[in-house]
1. The conditions are (1) farther than 14 Å from residue A:269 by Cβ; (2) among the aliphatic types (A, V, I, L, M); (3) modelled with pLDDT of 95 or more, and residue A:131 fails exactly one of them. Which is it?
2. For residue A:251, state whether it is within 14 Å of chain B (Cβ to nearest Cβ) and either open to solvent by 10 Å² or more (accessible area, probe 1.4 Å) or more than 29 Å from residue A:147 (Cα to Cα) (or both).
3. For segment B:186-209, which positions are among the basic types (Lys, Arg) and more than 17 Å from the chain's Cα centre (by Cα)?
4. Could you please let me know if residue B:110 is touching a residue at least 60 places away in the same chain (Cβ under 8 Å) and either in the same structural domain as residue B:160 (by TED's automatic domain parsing) or of a type in the set (S, T, N, Q) (or both)?
5. List every residue pair whose Cβ atoms lie under 6 Å apart, where the two residues are 6 or more positions apart in sequence or sit on different chains, the first residue falls within segment B:405-421 and is within 15 Å of residue B:344 (Cα to Cα) and outside the structural domain of residue B:436 (by TED's automatic domain parsing), and the second residue, located anywhere, is open to solvent by 10 Å² or more (accessible area, probe 1.4 Å) and modelled with pLDDT of 95 or more.
6. If we keep just the residues of segment B:352-367 that are open to solvent by less than 10 Å² (accessible area, probe 1.4 Å) and facing chain A (nearest Cβ under 8 Å), which is farthest from residue B:387 (Cα to Cα)?
7. Take the residues of segment B:160-186 that are without any contact (Cβ under 8 Å) to a residue 60 or more places away in the chain and farther than 20 Å from residue B:107 by Cβ: which is surrounded by the fewest Cβ atoms within 10 Å (Cβ to Cβ)?
8. Working only within segment B:100-126, note down all residues that are loosely packed, with under 14 Cβ neighbours inside 10 Å, modelled with pLDDT of 85 or more and among the charged types (D, E, K, R).
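The values are calculated or read from the model by the stated rules, or taken from the named source; none is laboratory data. In this text the structure is predicted, and so the values were computed from the model without any measurement. Heads up, the Cβs are rebuilt from the backbone with ideal geometry, glycines too, and the neighbour counts pull from every protein chain shown. To get the accessible areas, we keep the full protein, side chains included, count just its heavy atoms, and leave off ligands, DNA and RNA. Shrake-Rupley method; radii C 1.70, N 1.55, O 1.52, S 1.80 Å.
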Amino acid sequence: MRIELERRTAQSPVIEFLAPLLAIFAAVLIGGALLSAIGKSPQQAFLVYFVEPFSDAWSLQELAVKASPLILIASGLAFCYRANLWNIGAEGQFVIGGLVGGTIAVVTHGMDHALGGYWILPAMLIAGALAGMCYAMIPAFLRFKLGASEILTSLMLVYIAEITLDYFVRGRLRDPKGFNFPQSVPFEDIARLPFLAEGERLHAGILFALAAVFLASFVFRRTLFGFDVKLVGSAPKAARFAGFSEGRLTFAVFAISGAAAGLAGVCEVAGQIGQLQPVISPGYGFSAIIVAFLGRLQPWGILCAGLVLSLTIIGGENAQIAMKVPLDMSRVFQGTLLMCVLAMDVFTRYRLRLIWRRSA
Amino acid sequence: MTAQKDGKPALVSMRGIVKRFGTFTANDHVDLDIRAGEAHALLGENGAGKSTLVKILYGLLEPTGGRIELNGATVSLESPEAARAAGIGMVFQHFSLFENLTVAENIALVLPAGEKIESVAARIEGLTSRYGLKLEPDRPVWTLSAGERQRIEIARCLLQNPKLIILDEPTSVLTPQEADALFSTLNLLRVEGRAILYISHKLEEVRRLCERATVLRAGKVVATCNPREESVRSLAAMMVGTHLVDVRAKPNEAEGPARLSVDGLSLKSEDLHGVSLKDISFAVRGGEVFGIAGIAGNGQDELFSALSGERLARRAGDVHIDGISVGREGINLRRQYGAAFVPEERNGHASAPDFSLSENILLSRHATGEVTRGLSIDVTAAKSIARQIIDSFDVRMSGDDPAARTLSGGNLQKFLVGREVSRKPCVLVLNQPTWGVDAAAAADIRQRLIDLSRQGAAVLVISQDLDELFEIADRMAVIHQGEVSDARLTREVTREEIGLLMAGETARGEGVSHAH
């Protein structure tokens with residue numbers, strides 16, 4: 001028996017739309033099977049994962065809070081992935097953005113604020129985005145100058161970023177009155193992202209995520225730059241024929257995705273956490289890769305996919321508490337989801353044929 | 001082998017072969033008989049189903065229906081190995097050779113394991129003396145011409161002692177002289193009783209070599225004939241189904257101003273096995289079609305990208321468009337000076353296959369500001385330009401604005417040539433403009449190029465197809481190993497002279513101008 005993939009002549013828009021939903025469905029089935037294999041009830045897990053987070057206002061807000069960084073990072077990553085450039089290091093750019101932006105909050109802590117200190121938060125946001133951008137320039141530069149695989153370099157830079165954050169939080173940025181706990185001073189209110197409503201969880205970070213979706217959508221649809229990004233990814237030789245420079249584009253898309261991840265990082269410390277800690281991300285930078293693909297690299301798709309992934313993060317936490325399911329289980333589930341999305345992508349483009357050969 | 005008569009059982013019979021890809025029927029109940037000792041031509045336009053049929057015969061594709069008989073017995077050819085074991089060999093149009101291995105090593109690769117390299121060399125000697133197949137066993141492949149590479153493929157095929165040899169467009173990469181040598185080899189093989197299935201769209205050749213021909217059109221057999229009793233025109237009419245219009249070209253030898261000129265262009269190849277351009281100089285005048293002949297892989301692609309600006313020349317003065325030095329300028333600035341370019345590779349270079357036709361308009365048109373407003377795209381303008389080209393160049397397609405890859409080769413090429421011609425450029429550079437394009441579309445494209453030149457543009461056509469250049473070029477030069485010969489008036493040169501230049505058989509430097 002032989003398995004052949006035959007290219008479909010036309011891609012049906014219905015299938016294009018259904019593919020991510022089918023992928024989620026397949027991932028849920030596989031996840032359920034895994035859970036029953038470790039002796040947990042898949043039905044209960046389904047309720048805990050996918051139903052309970054919708055049950056009250058608090059968890060609904062939590063859903064949006066966790067989705068914001070995912071959507072912001074994934075909107076940036078969509079630029080890279082459309083151009084067939086593989087920035088896997090958004091996690092590192094996120095961490096560096098948080099560290100640099102947070103440092104401004106720590107350094108200005110307790111100072112007499114000029115101009116009432118209203119410049120501090122904008123400065124943090126800009127510094128965080130710039131830091132993420134510069135950090136993403138490293139793999140772009142290595143690829144452009146030396147032909148080094150950006151997949152490896154950007155991934156390895158994640159670990160460097162994490163250790164750098166850890167070093168500073170245990171060292172110079174540690175709260176001197178913090179009983180030697182490895183964390184910075186709590187940021188002053190002036191250095192924190194405002195909450196959208198008094199006493200609620202939702203902070204202004206979500207506005208950046210929504211803005212990123214709008215902006216990416218406009219750029220992809222309407223501008224020559226968006227066209228260039230897609231063209232380089234789809235037919236690099238044709239892009240050269242169109243007179244677009246591959247080097248410039250490489251730097252541009254890494255800059256955009258790095259800035260988005262850095263901004264998400266500073267939003268996380270200035271919004272959600274409120275101080276610097278040795279670990280500021282539960283893997284947003286990696287989950288955002290899944291978000292980007294689950295959303296088919298379309299900004300509006302990414303918005304929906306961000307909410308889905310956020311659901312699995314919250315569901316994973318719930319399951320850990322309610323069912324004593326290990327935390328790794330939710331990581332496994334996210335990985336399964338990505339595999340299913342990619343597999344569905346193949347099936348939308350190709351038809352699977354099993355060929356049974358009569359023996360001669 | 002006895003002399004054959006009609007009624008003698010065929011060596012290979014294909015009966016009622018059907019092959020469907022999804023809803024598309026590539027072969028529709030095709031019958032084909034090949035007798036021992038005959039050279040049988042398989043004719044048809046691109047997309048007529050020739051390649052599909054041959055792949056079925058060589059075990060690469062499984063037919064949806066029908067059967068294959070060998071000496072009267074039904075056989076199942078489920079893989080190329082099975083086909084070879086049944087005595088069917090094939091020489092492909094694209095060679096599968098290892099550049100860094102020697103001739104003998106490449107041949108040893110297809111032989112059963114355990115064969116010594118020395119004995120392979122001896123067998124190669126045997127082939128050389130028996131069939132005139134000139135090969136040097138110790139030469140590394142990357143130093144060889146296309147003709148020599150093809151001889152390796154033929155040798156590989158012959159060492160399996162096939163009863164039927166399939167050749168797919170074998171002369172497309174050969175000089176006229178190399179083609180002659182190939183034909184004498186094939187005739188020797190035929191005399192031994194081996195059958196030859198010869199796929200080509202070069203009808204003169206087919207008339208020289210083959211005594212029977214099967215003509216396919218749209219997947220069906222439309223005729224079986226003796227090509228020697230037919231004319232080139234009648235064969236072409238069978239292939240196309242209608243009568244072809246001749247390209248009208250009044251020779252133009254008026255001295256117009258040089259609109260595209262190249263002065264001492266030298267450029268080192270970026271690729272290890274690529275060709276470096278060496279001190280190339282020529283000028284294309286307004287009002288003329290200028291042809292550059294040459295065998296594939298002699299620097300055509302390198303020359304094209306140096307002219308288009310996809311690769312920059314070393315000095316600004318190496319390339320001039322309308323008198324402006326553009327050697328150091330990129331492709332978009334050259335477009336702004338009025339130049340236009342059509343590269344060889346339709347899918348992936350001249351167009352983005354997955355993009356719609358209107359998006360493909362953007363590819364070369366965004367430079368001149370017709371389809372952009374500042375940094376944003378004017379989708380409506382792009383769509384209306386696409387529509388105009390589709391109408392005026394008679395591009396056939398399904399849907400309103402389909403992806404480029406869904407168009408047939410001929411229709412896509414018409415669209416891409418149309419995209420550039422409709423800009424009314426002052427300089428148009430094309431690389432292999434009708435390669436793999438059906439005859440009707442090719443004639444149409446050639447006519448457009450002549451028309452454009454007669455309106456005052458300088459048209460440069462780089463082509464491997466000598467027939468094409470003799471049909472449309474006013475002047476001609478030859479590129480060989482990165483050097484371009486002196487230009488000659490087309491009516492004053494013979495095919496033989498051009499053939500010799502293509503093979504590089506002029507004293508070095510003699511044909512190339514070294515004016516100081």
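1. (1) is the only condition that residue A:131 fails.
2. Working: within 14 Å of chain B (Cβ to nearest Cβ): no; either open to solvent by 10 Å² or more (accessible area, probe 1.4 Å) or more than 29 Å from residue A:147 (Cα to Cα) (or both): yes.
Taking the combined requirement at face value, the residue does not satisfy it.
3. Narrowing segment B:186-209 to residues among the basic types (Lys, Arg): B:190, B:194, B:202, B:207-208.
Passing the criteria: B:190, B:194, B:207, B:208.
4. Details: touching a residue at least 60 places away in the same chain (Cβ under 8 Å): no; either in the same structural domain as residue B:160 (by TED's automatic domain parsing) or of a type in the set (S, T, N, Q) (or both): yes.
Here the answer is no, as residue B:110 does not meet what is asked.
5. Going by the 6 Å Cβ cut-off, there are no qualifying pairs.
6. B:352
7. B:184
8. B:125
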